[in-house]
Amino acid sequence: QQQVKQSPQSLIVQKGGISIINCAYENTAFDYFPWYQQFPGKGPALLIAIRPDVSEKKEGRFTISFNKSAKQFSLHIMDSQPGDSATYFCAASMTNAGNMLTFGGGTRLMVKP
Amino acid sequence: GAVVSQHPSWVICKSGTSVKIECRSLDFQATTMFWYRQFPKQSLMLMATSNEGSKATYEQGVEKDKFLINHASLTLSTLTVTSAHPEDSSFYICSARRSGSWDEQFFGPGTRLTVL
């Protein structure tokens, strides 16, 4: 059972454009939603995270938008750069369930120069 | 802060041998660490949760006798792949949970295992 669905699977954006990746979850008990960035052959790196008590969180060029009623959250990368080309994973976890992360399927982002 | 290391970064072994992978949290203590497996172009699959001082909790379908996990200290967890076979070849990644207001998970760089 895939509890976190991520789309699109792949994304091509021109340099300077906005990259948008979407995730939808099913379990309303999830209360922590991080995004990870992974380069080939490397482990995922925590990019930004949000809790359901806010609708948006911004850190530099990265913004998470969170819609609790729709059970959806998205990552926006502003002014996308070729160095942002990587695979991005959304995830969700429950504080009272050991914080085990449930990952989305991943989005391979390519930013063209 | 929040650095997690893994050793080795890659290993090649013969079928039937055992391989140990170490996961260390370098600048924080982690009572809980997680082990994942990742196939090419796929998402991370949780294998087990490693708790310091107690037995690991394995996900459904993961053989606990094949993937031995030991969490001997607050900064070290090890995964031993016993009697490895070519189908065990994969990218193994650990993460460590840093306790705090957010209980964030930080990942190691991964270990590429190739079984010949």
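Ranking B:VAL19, B:LEU46, B:PRO86 by Cα position along the charge dipole of chain B, where only Lys, Arg, Asp and Glu carry charges on their C-beta atoms, puts B:PRO86 farthest toward the positive end.
To put it simply, the accessible area of region B:1-115 at a 1.4 Å probe is 51 percent carbon and sulfur.
With a threshold of 31 Å on the Cα-Cα distance, the over-threshold entries among A:LYS71/B:LYS55; B:LYS20/B:LYS41; A:LYS5/B:LYS14; A:LYS58/B:LYS20; A:LYS15/B:LYS20 are A:LYS71/B:LYS55; A:LYS5/B:LYS14; A:LYS58/B:LYS20; A:LYS15/B:LYS20.
For A:GLU59 and A:ALA29, what does the FRET efficiency come to when R0 = 41 Å and r is the distance between their Cβ atoms, rounded to the nearest 0.05?
Efficiency, from the Cβ-Cβ distance: 0.95.
The mean of 1/r over all pairs of different alpha-carbon atoms in the protein assembly as shown, once inverted, gives a Kirkwood hydrodynamic radius of 18.1 Å.
Working from the alpha-carbon coordinates of region B:13-56, get Rg over Rh, Rh being the Kirkwood radius.
Checking Rg against Rh, the ratio lands at 1.03.
When both bridge partners sit in the protein assembly as shown, DSSP labels roughly 90% of those beta bridges antiparallel. Decide, for chain B, between rounded, prolate and oblate: order the square roots of the alpha carbon gyration tensor eigenvalues as a ≥ b ≥ c, take rounded if a/c falls under 1.5, and otherwise choose prolate if a/b is larger than b/c, else oblate. Prolate, because a/c is 1.5 or more and a/b exceeds b/c. Spin-label model, B:SER73 to A:ASP79: label points 7 Å out along the Cα-to-beta-carbon direction sit 4.4 nm apart. Hydrodynamic analysis of region A:5-113 uses the Kirkwood radius over alpha carbon pairs. Inserted into Stokes-Einstein at 4 °C and 1.567 mPa s, it gives a translational diffusion coefficient of 93 µm²/s.
The accessible surface of chain A, taken with every protein chain in place and a 1.4 Å probe, is 51 percent carbon and sulfur. Using a probe of 1.4 Å on the protein chains alone, the accessible area found for B:LEU46 is around 30 Å². A full extension of the chain between B:THR114 and B:SER83 corresponds to an added length of 9.9 nm, given 0.36 nm per residue minus the alpha carbon distance.
The values are calculated or read from the model by the stated rules, or taken from the named source; none is laboratory data. Just so it is clear, the model here is predicted, and its values are computed rather than measured. So basically every Cβ, Gly included, is an ideal-geometry build from the backbone, and we count neighbours across all protein chains shown. For the accessible areas, the whole protein counts, side chains as well, though only heavy atoms, and no ligand, DNA or RNA atoms are used. Shrake-Rupley method; radii C 1.70, N 1.55, O 1.52, S 1.80 Å.
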